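> Before anything else, here's the structure in question.
The values are calculated or read from the model by the stated rules, or taken from the named source; none is laboratory data. Treat the numbers as computed from the prediction; the structure is a model and nothing was measured. Methodologically, a virtual Cβ is constructed for each residue, glycine included, from the backbone with ideal geometry; neighbour enumeration extends over all protein chains shown.
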Amino acid sequence: MAEKLRIDKYLWSIRVFKTRTLATEACKAGRVKKAGVNLKPSYEIKIGDEYQVSKGIEKKVIRVIDLLHNRVDAKKAVLYYEDITPEEDTYRFKSVFHAPVLVRDRGTGRPTKKDRREIDNLQQSDSFWDDED
């Protein structure tokens, strides 16, 4: 007899989302896909299937290894899925944290028109922003 498990419950149980409600909302918003097709929260998963999950700026591709009906600790949860996210995507996510951060000294007031142009030129010349197109 084949076991049935909803995608929202599975994503919650393997700790991709903090609550089941967040997992359900992600499905409804189109952030959970299988082969580019949006999945409903009630979609029944199968062992061996691959799913694309977007969570904020992070994008993951996971393969179902086994079904997990209840939430468990993180060490046990990783035994039920395989993270097959391509390395390029993993490094792109990490590179966001190494992007330059623009900091202005406190009390210097609003940027002048010249300051604004310099800030805009700096942001446009940054290679990270050019890769997003």
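> Based on this model, can you work out whether K59 counts as crowded, with 16+ Cβ neighbours inside 10 Å and modelled with pLDDT under 95?
Working: crowded, with 16+ Cβ neighbours inside 10 Å: yes; modelled with pLDDT under 95: yes.
Yes.
> Would you point out which residue out of Y43, Y91 is modelled with pLDDT of 90 or more and of a type in the set (S, T, Y)?
Details: Y91 fails: modelled with pLDDT of 90 or more.
The unique qualifying residue is Y43.
> So in segment 7-30, with the set limited to residues that are closer than 20 Å to E82 by Cβ and among the charged types (D, E, K, R), which one is nearest to the chain's Cα centre (by Cα)?
Taking the candidates together, the pick is R15.
> Kindly list, by first and then second residue, each pair from a residue in segment 22-42 that is without any contact (Cβ under 8 Å) to a residue 24 or more places away in the chain to a residue that is surrounded by fewer than 12 Cβ atoms within 10 Å (Cβ to Cβ), limited to pairs with Cβ atoms under 8 Å and residues at least 6 apart or on different chains.
From segment 22-42, the pairs are N38/G30.
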